[in-house]
Every structure is written in C-alpha cells, then in structure tokens.
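Below is one structure, written out as structure tokens, with a few remarks after it.
The values are calculated or read from the model by the stated rules, or taken from the named source; none is laboratory data. Please read these numbers as outputs of a predicted model, since none were measured by experiment. Here the Cβ is made from the backbone with ideal geometry for all residues, glycine too, and neighbour counts use every protein chain on show. Ligands, DNA and RNA are stripped out before the accessible areas are found, and what is left, the full protein with its side chains, is counted by its heavy atoms. Shrake-Rupley method; radii C 1.70, N 1.55, O 1.52, S 1.80 Å.
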Number of protein chains: 4
Amino acid sequence: MLNDKKDIQNMKDRRNVLINKVGVKNVRYPIIVQDRTVGSQNTVANLDIFVELPHDHRGTHMSRFLEVLNKFHKDNIIENLESFLKEVKNALNADASYIKMNFPYFMKKAAPVSRTESLLSYDCIFEASLREKYELVIGVIVPVTTLCPCSKEISEKGAHNQRSLVTVKLSLREFIWLEEIIEVIERSASCDVFPLLKRVDEKFVTEKAFDNPRFVEDIVREVTVRLQDDKRISWFKVESENMESIHAHNAYACVEKDV
Amino acid sequence: MLNDKKDIQNMKDRRNVLINKVGVKNVRYPIIVQDRTVGSQNTVANLDIFVELPHDHRGTHMSRFLEVLNKFHKDNIIENLESFLKEVKNALNADASYIKMNFPYFMKKAAPVSRTESLLSYDCIFEASLREKYELVIGVIVPVTTLCPCSKEISEKGAHNQRSLVTVKLSLREFIWLEEIIEVIERSASCDVFPLLKRVDEKFVTEKAFDNPRFVEDIVREVTVRLQDDKRISWFKVESENMESIHAHNAYACVEKDV
Amino acid sequence: MLNDKKDIQNMKDRRNVLINKVGVKNVRYPIIVQDRTVGSQNTVANLDIFVELPHDHRGTHMSRFLEVLNKFHKDNIIENLESFLKEVKNALNADASYIKMNFPYFMKKAAPVSRTESLLSYDCIFEASLREKYELVIGVIVPVTTLCPCSKEISEKGAHNQRSLVTVKLSLREFIWLEEIIEVIERSASCDVFPLLKRVDEKFVTEKAFDNPRFVEDIVREVTVRLQDDKRISWFKVESENMESIHAHNAYACVEKDV
Amino acid sequence: MLNDKKDIQNMKDRRNVLINKVGVKNVRYPIIVQDRTVGSQNTVANLDIFVELPHDHRGTHMSRFLEVLNKFHKDNIIENLESFLKEVKNALNADASYIKMNFPYFMKKAAPVSRTESLLSYDCIFEASLREKYELVIGVIVPVTTLCPCSKEISEKGAHNQRSLVTVKLSLREFIWLEEIIEVIERSASCDVFPLLKRVDEKFVTEKAFDNPRFVEDIVREVTVRLQDDKRISWFKVESENMESIHAHNAYACVEKDV
C-alpha cells in the first residue's frame, strides 16, 4: 500500500544546504495577457516556477506547481502575478516563490506610408518574485533596423545595415505597458521593422534608415536617455545585438543602471 | 549471471517491419578533416550513424557504432568515409549503413583591401550511405551579404541589405573541395563576409554590395548557373535565406536539380 | 517619383532557372486550429509560405504572402488550408504554392489514477501544397517514456528509462484528427507522459513503464503496425528519439512507408 | 579619399552614457586548451569579447578584437587569458575588458566494467574580466543519470530515471582543473553517463543508479557539500536540470553561495 511507504520529499535533510530555487522548468502553457488596444490576447508561454527550499527539507512537491498554474491560466495572468506567487508560496510552504515567463506578444503594425496593417510579434519576459516583498522585472526583445554610421560616412554609396535585436529589462516601481517600452526601442533605432511593406513603404524605410545611422552603441545610449528619467523604473538593462551584414558574428552593446 | 540472461537485441521479431534507419544521434566527436591549404585541420563534429535493421531482428547493438567511430576518429575521416561505412555495416551485420556529419570548417580569409587575414568558419555537412553502392552528399552553409535590388532602385539613397545564409548540397560523381563550393557561393552574393575589416575594407565591401544588388532569387539562380554544368555533380540543392533587415521574418528561395 | 522607377521584381529573367520555392520563412502568427473536444483553440504558429517562380520572372512579391495571411488568420486556418493556398497562387500568379506550419497544440490530460487534469502541449506540423492537386501532410511530435528491455533483462533491479520524442508524419487521403495520431503514439510507448502526477499516479506510471519495456526500435514498429492498415493514410514516416539516460547522445529509429 | 572622412568611432559623445560592455559576440574560433592528461587539446569555441566604453566616446573599434584574437589563438588560450584581456584593454584603450568562451572539452571515459574507452564531451565556460584586478569564473555542464527516490520508494518495481544536466560555475582564488569539477559532479549523481557501454556495463550502471536514487535537490546539495570547503573557490553556483522521463517539462534546482 502507498500509505505504508515513506513520503521521501517530506523527510528531514541533514546536509544543511538551503536550496535557492527548486521547481519546474520549460512548462509550456496557453496564457492570456493584457493588451492595451483590445483588452487581452491569447498566447503561449514557457514558464519556470520555483520556490526556495529550507535547509532541513529533503524535497519539494513538483505536482503542486502545476496545480496552482491550472487555477490561474484562464485569468489574465499578468494582472494576477502577485496572487499567483502567494498561492505558490502557500501550496509549497515556502519562504519565497519565483516565476519566469516568456511569450510572444502580438501588436498591429501599420506600414509607414500605405498604412497596411499586419501583426508583429515581440518576445516578452516577465520575472516576478515574492518573499516579503513582491518584485517584478518586465522585458521585451524588439527587432529593429540599424544602419552603420561609419559605413555611410566612408563609402561613396550605400551603407551596410542589418536586423538587430534590442532587449530591455526593467524593474518596476509602477505599472508600465509593454507597448511603451516597444515604442521607446523602435524610436531609438535607425528604423523599426514591419511584417508587410508595399513599394512605397520599402522606399520610406530604406531612406529613413539611411538618414538615421546608429551604431550598436547608439541604440543602447538612445534607449538609456529615454528610460533613465522615468520615475516608474528603479533599474534597467538594455542590450543591442546586430546581426552584422558584413560579418558572420554579431556586434553587441549593453548598459545596466540603477535609477 | 549475465550469461543466463536473454540477449534481447538478438531475438527474433515477428512484427515484420523493416527499420530504415536505427542508431545513434548527436554524438559529439573531435575529428580531422582535409584542408586544401594545409593538409588537414582539427574540428568538432556532430554525428548521426545508422544502419538498416531487417524485419526479423528485434534490436541493433548501439555500442558498436561507437566502437567503429573510435577506430576512425584519429584518421582524416572525410577521406575514409566509405571504409567507415563498410566497417559499420560489418560490425552491425547490416544491409545498409549511413552517416551524417556536421562540423565547422575554418578558412583564412584576407580582408579585400588591407589583406589582413583572419579565420572564418563555415558549417559543413557530409551525408554518406553504403548499400551496394557508396553515395555521398556534401554541403556547406555560407554567410554572405545580400543587398536588395528593389530597395536600391526605388530609394533616393541607400538600400537595405543583410546577412544571408546560403546552403548548397551536392551529390558527387567525383571529388570536389569544400573550398570550391564556398567560392561559387561567395561569388554569387552581393558581397562575401569577413571576420576582420579595417576602414578601407569596410568602404570596399559597402560599395561592392551596393554595386551588386541581389534578391534571394538571384543568389540561388547565380549558384545554379555556376553548378549545373559541372560534370562532377549529379544533383544539387541550393537554398538562400535572408535575415531581412526590414522585417522580423526571413526571405527564402530554393532550387533543386538533377544534372 | 516611384512611378518612374523600374519594377524590378516584374522584370524578365534570362538565366532560365525555375525557382522551386520562394517566399517568407519564420513568420510568427497567432492562429486558430480545430480542437476535437471544444471546437477550436488559439495558438501561435511559425509559418513558411512559398510559391514556385517561373524561369523568366526576376522576383516574387513578398508583401502579398502577408496580405493573404492577414485575410485568413482569424479563421480556423487548418480547415481552410486549400483555399489559403489557392489565394496565395492567385495573388502571386504562381503555378504552385506551399505552406508549412508548426504550432503547439494543447490537450487536457488526466493523470492515470487521481484523474487530475492538466494541459499537455504537442508540437504539430502541417505541410500543404497546391499545384493542380492539393496535398497535405500532417505531423505531430509526442513526448513519451521508454524503458529499455535489455537493461531490465540483464539487471537485478531497475531499468534505465528516459523521455523520448516520437514524430509521426502522414500523407492523408481523408481527414484524421491530431488526437487520433497522438493516441496511437502514446499506446506504442512504455508509458505516456503527464504534466501533473500525484503520488498514486507516479507509482502507476513507474510500474506501467517497467511492465512495458520498449526499445526505440519497438516504438517505431508498434506505431507502424497501427498505422499501416489505415485506409485514410497513403504515406507515413515515424521517428523515435530517446534522450538516453545512460548516454549523452540519443538513440534513434525511423520507418518510412507508402501504404 | 578615406582621409577626408570623419572617423566617427573616435568622435566625442555628449549623451553622457557609459557603456558597460561593447564588442563582438558569437565569434567562432578554433582554440587550444589545457588537458590534464595529454597537455593540450584542439577544440572550437564561441567567443564574446567586450570592453567598457567611456561616456564621451562615440564608438569602439570592432576590428581590433579580432586582431588580438588572431595573435593568441594558436597559444593555449586558457593559460593566457589574463594577457589576452590586457592586450584587449590596450588595443581598445579601455578601462575594462571581458571575455566569455564556450567550448566542448573531450575526456576519455572508460566503461565501468569492460573498461572500454571512448570520448565524452563536456560543455565548458570560461568568463574572465580585467579592470584593475583579473577575475575568472570557470564552469562546466555535465550530463549524468538521476533516478527518482520517491518513484523507487512507492513503486513495486523499477523507478523513473533520466538524463540530467548539471552546471557548475566557480569563482577561483587558485587554479582548478576542469577534470576536478567534472569528477565532483559525477560522484554526486545517481550514476555518470558513458559514450560506450557493453552489456556488462549496462547492467552495472542500471544497478548503480537504482542503488543511488537522487532528486534534483540531492544533486545540488551533494555538489555543494563537496565544494563549499574548497579554499580555492570564493563563489559557486550549481544548477541541476532533469529531463524528466515522466513529464514533458524539466525539474530544476539551484544553489548559489559565497564561500
């Protein structure tokens, strides 16, 4: 009988090692997130959910992470992250709980001249923790165009340019829309990227990028200048990575700041 | 005692299903490959090694794949692929044997003006099979620059460009150097890419790409025109994928041909 | 003025090379798919959409792929794949059109003893083409448990086991539910996997796997035996890949058959 | 003429934003590393090399990173990391320089009973920085077998087990061989994994794992207990991730400690 068996997870542990994080990783789950334009959107997330384990407990209870997730996944999970972490803490009898979520978020993007609309996806990151205090880091990875200022200056014609991925993560004092961060990043680039461009639009983005050359260094500085005075933010990290069109490797820059 | 135990792999199978390929996948191994310039080079490969399994055999012997590999890995393995496959066939008592290898191959690349040399890596693919006949497909993935002809034509200034990956696979009648395929691909692009570019070089590659605009369609056609009359080749597939600098998705083209 | 500019994509091409496939790759888009239980479900897909390009056309029109996609993405796209491909053919003036979709599909899975329900995701693949005839390949990747028959036979206690990924692709004569293929695969394994297992369930799956040892060879044979007599199927390929718990590499087997 | 052109990277920057890290990423390069047994081994690395950029400099000089790398790559680079970083600092006129290297490292591994030798690869990580002081973090990812203690306890027969990846990173006061860390990890698992196992070996590893059940929590605690008293180490992080054979997601645990 199962009842005769030892409950090994509940046994005492004598090795005296507190485990900072233990739990489940790469759980794929359909979720609902806030959408500034239409209220909410359906997407699919990768989730890591952890708790802290005291030095004298042998093991955690992995099934309970999923039980709590099942209760929440039909809600707008981003709006309820603190309650989610509270419930994880309770269910696991833990002093701290953690969640990390990655998911694509879709926004309508109108082409710059023809105004033809289409959907562009942005990879988003939410990292929340709850010990006594609830803490939240949000992030987003935005594809943009960068055009090299040096190449433009030294060449008789043209300038090399490429797709770049700009990642911004923020510690929040107050709520900020993902849409706001995306806008800051897109305005800092040589040009934003679009899912659908007609001929008139392609002419526009080519010339706009040529008129706004940006090193990888410029991108992270432009984003920094726009973020560092925002009182809603207590810390940020901005990274830019160019898939250089003239090299097989990437160019990279990063600024990290408490503000 | 082990000797009392059934040798399950050697049992008869009554389900009457021939298994086309069975074996080991994602074996990482240091290998030695031919290098046209210096004779040989050390690199690291991912290997898949399979045999065909007759309908009436329950299982193959996974350890023997590694035993054969151990005998060969200090040789120049590319030069000995047929003997390798013969030994796999014998060791596993099989009617057919297969190997797929992926590995980075390094070539010295001199910057176009300053002639400064540095190493560029190319992902190579070797797929060989032996039933009665030995058959070999070799392939290489080459990063290049492509500059959009339409963007150049319609814009007052500049033109969007990007890193592209061009993949060529060939069925061989006779030996061809990887270096030859790489050269064909690089000559078909707007410009080749380089690990190290000084200011004079960056001016050169920017202007060269601007003077040689190529759609993803042009790349695969240029490569096709250069390959289709080579008597050493019996089949080829050429694919080009642009990491579009103005989109978050890629542009792709492919030509496949018996010749 | 844009009107003075040449429309380069529409120019004649004299290289005389038909392009088998040209289009967009890695377009991420929210889609709606059929769900046998609740009618439909929201998910996120990666899409490749291509057409054939005649030998005398210089280029395709990349923006039109997205325009057609925008018209369809709020429909149940799986039910409308043939109309989608027809519209792509028309919009691009092509002789053939192709789509490849990958997306996670979620199913409720009840734990075997406690019956606690949770969602498990399966990676699905739809590949459709339309020349004169419409052709459809559907596929799914299913995680399962496999337990080694040899290890069980030769050892005094225990047996090594691991997560395996079983991929089945089918050419269809008639409609088949993804749910049916998933069921065939799960019944062919040592045990199916579950998102949430209580103690009673963990006991059950451990013992079930021990009672049903399966080599990677057995998995592909069991699936073959179940599929080869299904009249709705004209071709299939089944692959199984074990993330061996006793090795750093994987074990692999594959059967491919016209039926 | 190039000489008439502005050297944009050398211009003053007025945005007053120090850039923490700027440089090249994903440079693939053949390297030579120390090998305790045979002196040195050839492998292939992915390299990220960065410097700090003062607030008033517009840009760094990307080509110089490669120039320094070219000077060093034929040396045993691990033995010369501090000189490498010194040269990067000088070449770029920077206050701080950074390198991150990932590469596979191969070790001969004898099967436990038959003693048949074969090569197993371990992913290694070196992260070094130089401001006034040189600092070094070394790490390694080791595949092992873990067998679930709970599953063993509650089941009449068998126990689920799986491949796990254990990652250890260390800040060093004094030199430590990669081989020593790998040994600590392998001794902390249910069993180590092998590239090549004969029947007698498979019996041995199956039974050894069954006799040494370990939760993901046990692995990180066992490694912690073995590392925390080593005076050569000032900080460590140990992570264990089980590719659970009974789930599609992973189990994870982590301990991080200053010692």
- Query: Quick one: net charge of B:MET243's neighbours, Cβ under 11 Å, K/R +1, D/E -1?
  - Reply: 0
- Expressed as a whole-number percentage, the relative contact order of the stretch B:144-203 with C-alpha contacts under 8 angstrom and at least six residues apart is 41
- Heavy-atom accessible area per residue of the stretch C:12-104, all protein chains kept, 1.4 Å probe, expressed in Å², is 42
- Task: For chain B, find the longest principal axis of its Cα atoms and tell me its angle to the long axis of helix B:178-188, 0 to 90°, nearest 10.
- Result: 30
- Query: Quick one: in the protein assembly as shown, what % of C-alpha pairs are over 56 Å apart?
  - Reply: 11
- Considering the dipole of the stretch D:12-104 built from charges on the beta carbon (Lys and Arg +1, Asp and Glu -1) around the Cα centre, which of D:THR43, D:LEU92, D:ASN102 is farthest to its positive end? D:LEU92
- Cα-centre dipole for chain A with unit charges at Cβ (Lys and Arg positive, Asp and Glu negative), debye to 20: 680
- Task: At 1.4 Å probe size, with no ligands or nucleic acids counted, give the accessible surface of B:ILE32 in Å², nearest ten.
- Result: 40
- Task: May I ask you to rank D:HIS160, B:HIS55 by accessible area, largest first, using a 1.4 Å probe over the protein chains only?
- Result: B:HIS55, D:HIS160
- Karplus-derived HN-Hα couplings along the stretch B:3-15 (A = 6.51, B = -1.76, C = 1.60, θ = phi - 60°), whole Hz, x at Gly and Pro: 5, 6, 7, 5, 8, 5, 4, 7, 5, 6, 10, 9, 7
- Nearest 100 Å² is fine: how much accessible area is buried between D and A, summed over both sides, with a 1.4 Å probe? 4400
- Message: Using Cα-Cα distances under 8 Å and only pairs 6 or more residues apart, what relative contact order does the stretch B:1-143 have, in percent?
- Response: 21
- Note on the structure: Sorting A:THR116, A:VAL140, A:ILE8 by the position of each Cα along the dipole of chain A (Lys, Arg +1; Asp, Glu -1; all at Cβ), the one nearest the positive end of that ordering is A:ILE8
- Item | the protein assembly as shown, helix-only ellipticity at 222 nm - DSSP H runs n ≥ 4, -39,500 (n - 2.57), divided by all residues, nearest 500 | -7500 deg cm²/dmol
- Please report the relative contact order for chain C, taking Cα pairs under 8 Å with a sequence separation of at least 6, and give it as a percent rounded to a whole number. 14
- Leading residue at positive end of dipole, chain A (Cβ point charges), from A:PHE236, A:PRO30, A:SER151: A:PRO30
- Task: Two decimals is fine: what's Rg over Rh for chain C, C-alpha atoms, Kirkwood radius as Rh?
- Result: 1.08
- Query: How much of the calculated P(r) for the stretch A:107-259 lies past 24 Å, in percent of all Cα pairs?
  - Reply: 37
- Note on the structure: Copies of A:GLU79 compared via label points 7 Å along Cα→Cβ give distances in nm, shortest first, of 2.9, 6.4, 7.0
- Message: Give me, ordered by chain and number, the residues 5 or more places off D:LEU147 or on other chains with an amide H under 5 Å from its own placed amide H.
- Response: D:SER190, D:ARG214
- Item | Estimated dipole of the protein assembly as shown in Debye, rounded to 20 [Cβ of Lys and Arg +1, of Asp and Glu -1, Cα centre] | 0
- Over its alpha-carbon atoms, the stretch D:1-42 yields an Rg and a Dmax in Å of 20.3, 56
- Note on the structure: Expected max-MSF residue from D:ALA110, D:ALA45, D:ALA248 in the GNM of chain D (alpha carbon, under 10 Å) is D:ALA248
- List the distances, in nm to one decimal, from the label point of B:ASP7 to the label points of the same position in every other copy, shortest first, placing each label point 7 Å from Cα along the Cα-to-Cβ direction. 5.0, 7.2, 7.4
- Give, to the nearest whole percent, the P(r) tail of the stretch C:12-104 beyond 18 angstrom, counting all Cα pairs. 46
- Axis-nearest residue of B (beta carbon) for the B-onto-D rotation, whole Å: B:ASN42, 2
- At a 1.4 Å probe radius, carbon and sulfur cover how many percent of the accessible area of the stretch D:1-59? 44
- May I ask you to report, in nm to one decimal and beginning with the shortest, the distances from D:GLY39 to the same position in the other copies, taking label points 7 Å along Cα-to-Cβ? 1.7, 7.4, 7.5
- Query: Under unit Cβ charges (Lys, Arg +1; Asp, Glu -1), what dipole magnitude, rounded to 20 debye, does the stretch B:12-104 have relative to its Cα centre?
  - Reply: 340
- Message: How large is the accessible surface of D:MET11 in square angstrom, using a 1.4 angstrom probe and rounding to the nearest 10?
- Response: 70
- Task: Extending each Cα 7 Å along its Cβ direction at A:ASN46 and C:GLU67, get the distance between those two points in nm, one decimal.
- Result: 3.6
- Task: Find how many whole Å separate the alpha carbon centroid of the stretch A:116-153 from the alpha carbon centroid of the stretch C:72-113.
- Result: 29
- Ordered by residue, what ³J(HN,Hα) values in Hz, to whole numbers, does the stretch C:191-207 give under the Karplus form 6.51 cos²θ - 1.76 cosθ + 1.60, where θ = phi - 60° and Gly and Pro are x? 6, 7, 9, 9, x, 9, 10, 7, 3, 4, 6, 5, 4, 4, 5, 4, 6
- Estimated FRET transfer efficiency (A:ARG173, C:MET107; beta-carbon r; R0 41 Å; 0.05): 0.50
- Note on the structure: Heavy-atom accessible area with a 1.4 angstrom probe orders B:GLU82, A:GLU174, most exposed first, as A:GLU174, B:GLU82
- Relative to the longest principal axis of chain C, what angle (0 to 90°, nearest 10) does the C-alpha long axis of helix C:216-227 take? 70
- For A:SER121, solvent-accessible area (1.4 Å; no DNA, RNA or ligand), Å²: 20
- Note on the structure: For B:ARG15, other-chain or 5+-apart residues with amide H closer than 5 Å (H placed, Pro excluded) are none
